[in-house]
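What follows is one structure encoded as structure tokens, with my remarks underneath.
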Amino acid sequence: MATRKENIDFNHPVITIRDLYKSFGDLDILKGVSMDLFKGENLVVLGRSGTGKSVLIKIIVGLLQGDSGLVEVLGQNLEGITTKELQSLRQKVGFSFQNSALYDSMTVRENLEFPLVRNKKHLTRKEVQHSIEMVLEAVELSQSINQMPSELSGGQRKRIGIARTLILNPEIMLYDEPTAGLDPLTSIEINKLINEVQEEFKSSSIVITHDLACAKSVGDRIVMLLDGKFERQGKFEEIFDTEDPRVKPFYDYNFTQ
Amino acid sequence: MYFKNSKRYLIDLANIHRFVIRFFKEVFVGPYEFKEVVKQCYEIGYKSLPLMSVTGFIIGFVFTNQSRPSLQDFGAQAMLPSVIGIAVIRALAPLVTALISSGKVGSQIGAELGSMKVTEQIDAMEVSGINPFKFLVVSRVVATSIMIPILTCYVACVALLGGFLSVHQHEATSFNIFVAEVFNSLSYLDIFSSLIKSVVFGYTIGIVGCYQGYNSNKGTEGVGRAANWAVVMSMFLIFIEELLIAQIIQAIR
């Protein structure tokens, strides 16, 4: 059986970013970020709160615009992209929000059905139902199909949020703090789910987190966002093999306390 | 400080202008959200009926009661149906319906979209390839533009019924004669101008509520502010519009 590393196609970047700058007013957030996400890869972006990790993935999905620099997603340059092209590109990029962002006036079924029937109008009622059952099974929450989001726990909401992005069968998954606010056991389950999704749906992922257990568990490669730039990248052990005072306390806090 | 406030005010104006232009661009281009428009019509129209019924009836009844002594002084109480008809159709029904709706519907829209915005539900729609502006804003503004005129007609009917009951308390007037008197004093221009006015009011309530909600920020505080401003701003605009449309109709008349 091929290992996960062997499934990564290093000749085929699905996201390419070069010299990306972004500021809000006088506050410079990203100061020349460059990176590639390869097909089949799970890339973890680590960094302290407020360093621009979420800003980065919001730029990738077109919710924010960079001030300058190149952002290419699935070969498409986001600069000058039309609204129609962006909408069609977004169907191939799943985005799992930090707080799940479930539509609270809809049941779980409606939450899953909503993006599907709007983006794939040719599907029959039966096919829609089948897709809903399939993704609910993937996140192991088939029994919650008729529940309202307010009736779900934090972990369940995260799972449904992930299921809602999976239903469009995206080529790229973007996870914004997938384990934030969850207890350690639920975090382990979510990490496991991210790995399973990557293997089952053959997607490439960017996981934004400051949870090192999550980074270690899901990351094929880790990049660390420091002072608006990717200063360190590599495997988990390589990242923390340093005395850099900006990096070391991160590891110490998570693993030696 | 003064410069900073002026700058923010101008930026706000530009954003509102862009929001309104976007609405007109999107409202005429498919795909249309018929199902959502119908759902919003139900929320805005049907669910407002009890409040509108009570308000309309009280306005008609009280207005007639209050007008009677003045007309009686001149021995002109026979003019009551005409006075009620003109007052209700020309001014009271559209204005009262709009003001109540801006409180009930405007704040609801502002708070709903505001909370969707701060919990990233609007962003979630956008990244799923759904146009949230069309789904949330266009459908609500279309629904208010349709339902406020219908509610205005309903409030006018209920207010006239209230007026009739007040008249009937003192004189044995038949309902048919009362209605005939009311409509004899009205022209098509009165009815038409009221309808146009209520469409404008409905549009204002919808677009202001949506703008405030769609652009809210700063967490829960922002949601409260969006709901509050949706009411304050739409009421203010409704009074300005009432003044302008009344002048235009007067000039046409």
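Cβ-Cβ contacts under 7 Å between residues 6 or more apart (or on different chains), taken from a first residue in the stretch A:154-181 that is more than 12 Å from every other protein chain (Cβ to nearest Cβ) and in a loop (DSSP other than H, G, I, E, B) to a second residue that is basic (Lys, Arg) and surrounded by fewer than 24 Cβ atoms within 10 Å (Cβ to Cβ), are listed as A:GLU171/A:LYS92.
For the stretch B:179-203, filtered to residues that are in contact with a helix residue (DSSP H, G or I) (Cβ under 6 Å, 6 or more places away or on another chain) and among the hydroxyl-bearing types (Ser, Thr, Tyr), the residue that is farthest from B:SER101 (Cα to Cα) is B:SER185.
Residues that are under 25 Å from A:ILE188 (Cβ atoms) and touching a residue at least 12 places away in the same chain (Cβ under 8 Å) within the stretch A:124-149 comprise A:VAL135, A:LEU136, A:ALA138, A:VAL139, A:GLU140, A:LEU141, A:SER144, A:ILE145, A:GLN147, A:PRO149, listed in sequence order.
If the condition is being of a type in the set (Ser, Thr, Tyr) and closer than 20 Å to B:GLN108 by Cβ, then the stretch B:184-238 contributes B:SER198, B:TYR203, B:THR204, B:TYR211, B:TYR214, B:SER216, B:THR220, B:SER234. Close Cβ contacts (under 7 Å, 6 or more residues apart or on different chains) running from residues in the stretch B:116-142 that are closer than 25 Å to B:CYS41 by Cβ and facing chain A (nearest Cβ under 9 Å) to residues that are assigned to a helix (DSSP H, G or I) and of a type in the set (Val, Ile, Thr) comprise B:MET116/B:ILE122. Within the stretch B:39-87, being in contact (Cβ under 8 Å) with a residue 24 or more places away in the chain, among the aliphatic types (A, V, I, L, M) and either outside any helix (DSSP H, G or I) or under 30 Å from B:VAL141 (Cβ atoms) (or both) holds for B:ILE44, B:LEU49, B:LEU51, B:MET52, B:ILE58, B:ILE59, B:ALA87.
The set of residues from the stretch A:102-153 being touching a Lys or Arg at 6+ places or on another chain (Cβ under 7 Å), in a loop (DSSP other than H, G, I, E, B) and either crowded, with 18+ Cβ neighbours inside 10 Å or hydroxyl-bearing (Ser, Thr, Tyr) (or both) comprises A:LEU102, A:VAL139, A:LEU141. Inspection of the stretch A:79-92 identifies at least one residue that is closer than 27 Å to A:LEU152 by Cβ, within 10 Å of another protein chain (Cβ to nearest Cβ) and either crowded, with 21+ Cβ neighbours inside 10 Å or among the hydroxyl-bearing types (Ser, Thr, Tyr) (or both). In the stretch A:197-249, of all residues being polar (S, T, N, Q) and outside any loop (DSSP other than H, G, I, E, B), the one that is nearest to A:ARG48 (Cα to Cα) corresponds to A:THR209.
Of the numbered criteria (1) within 13 Å of the chain's Cα centre (by Cα); (2) closer than 30 Å to A:PHE97 by Cα, the one B:GLY114 fails is (1). Each residue in the stretch B:220-235 was checked for being hydroxyl-bearing (Ser, Thr, Tyr) and under 10 Å from B:GLY103 (Cβ atoms), and 1 of them qualify. Look at (1) within 12 Å of another protein chain (Cβ to nearest Cβ); (2) of a type in the set (A, V, I, L, M, F, W, C); (3) touching a strand residue (DSSP E or B) at 6+ places or on another chain (Cβ under 9 Å) and you find that A:LEU112 fails only one, number (3). Among the residues here, B:ALA227 qualifies as closer than 20 Å to B:LYS47 by Cβ, part of a helix (DSSP H, G or I) and at pLDDT below 95. Residues in the stretch A:67-78 that are at negative phi and surrounded by 17 or more Cβ atoms within 10 Å (Cβ to Cβ) were compared, and the one that is farthest from the other protein chains (Cβ to nearest Cβ) is A:GLU72. Considering each of A:GLN233, A:GLN156, A:GLN198 in turn, give the residue that is more than 16 Å from the chain's Cα centre (by Cα), more than 27 Å from A:ASP67 (Cβ to Cβ) and of a type in the set (S, T, N, Q). Exactly one of A:GLN233, A:GLN156, A:GLN198 is more than 16 Å from the chain's Cα centre (by Cα), more than 27 Å from A:ASP67 (Cβ to Cβ) and of a type in the set (S, T, N, Q), namely A:GLN156.
Restricted to the stretch A:99-108, and to residues there that are closer than 19 Å to A:GLY155 by Cβ and more than 8 Å from chain B (Cβ to nearest Cβ), the residue that is farthest from the chain's Cα centre (by Cα) is A:THR107. Among the residues of this structure, B:SER67 does not count as one that is over 14 Å from the mean Cα position of the chain (by Cα) and closer than 30 Å to A:MET106 by Cα.
Listed by first and then second residue, the pairs linking a residue in the stretch A:43-66 that is touching a residue at least 60 places away in the same chain (Cβ under 8 Å) and away from every other protein chain (no Cβ under 13 Å) to a residue that is assigned to a loop (DSSP other than H, G, I, E, B) and of a type outside the set (Lys, Arg), with Cβ atoms under 6 Å apart and 6 or more places separating them unless they lie on different chains, are A:VAL44/A:GLY219; A:LYS53/A:GLY47. Only one of the listed residues (B:LEU92, B:LEU99, B:LEU113, B:LEU80) is within 14 Å of chain A (Cβ to nearest Cβ), aliphatic (A, V, I, L, M) and closer than 29 Å to B:SER198 by Cα. That residue is B:LEU113.
The values are calculated or read from the model by the stated rules, or taken from the named source; none is laboratory data. What you see is a predicted model, and the numbers here were worked out from it, not measured in a lab. Don't worry about glycine lacking a Cβ; one is built from the backbone with ideal geometry, like all the others, and counts go over all protein chains shown.
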